1. Taking 30 Å as R0, compute the FRET efficiency from the Cβ-Cβ separation of Phe108 and Leu73 and round it to 0.05.
2. Which value in nm describes the separation of the simple spin-label points at Arg156 and Arg18, placed 7 Å from the Cα toward the beta carbon?
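Coordinate-derived values only; no laboratory data. Small disclaimer: the values here were computed from a predicted structure and weren't measured. Every residue, glycine as well, gets a Cβ built from its backbone with ideal geometry; the counts of neighbours run over all protein chains shown.
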Amino acid sequence: MHCPSCGDESSLDQKFCRKCGFNLEPISKLVVQRPPSEDIQPDKKEQEKALVRRMFRIMGWGLVIVLIGVVLLVMARAPAPGLLENVLGVLSLIFLLGGTAVAVYSIFDAVRSSTKPALPRPRVSRAEISQAETTNELLEERIPVPVPSVTERTTRLIATESQAGKPE
């Protein structure tokens, strides 16, 4: 398990993050309550269906844009004054190229999305996290051992020297 605040690795029995002090108890309770199941990892077929639906939806919009370009092109070929014909011709070209680009993008996006691995996203609501019982106490058995000061040895040496230098 990783701390949601700083990303530091921690174990499930830790109540607080050792790096930033974040309260990990509600998160570890949620992780322990939820056994590993299929609802965390979306199955491959479901992902592929969603990917294909998205691709066809984007491609559909691209085709609609192309159809608008075709309509503008037909209107540009109709007998019309010179300036209007030129404007409609340019607009139709923009719509035809834009619609084609959107349709081609949908294919490249689907290929790109299918090649990158999907990260599992646990479905945990904020309400579940806030409902977990919280304490602001560390476990008794997890009290850290104090680390000696860097200057402690020097202090002891000075004390020894000062005692050796005193006449008795």
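1. 0.70
2. Placing both labels 7 Å beyond Cα along the Cβ direction yields 2.4 nm.
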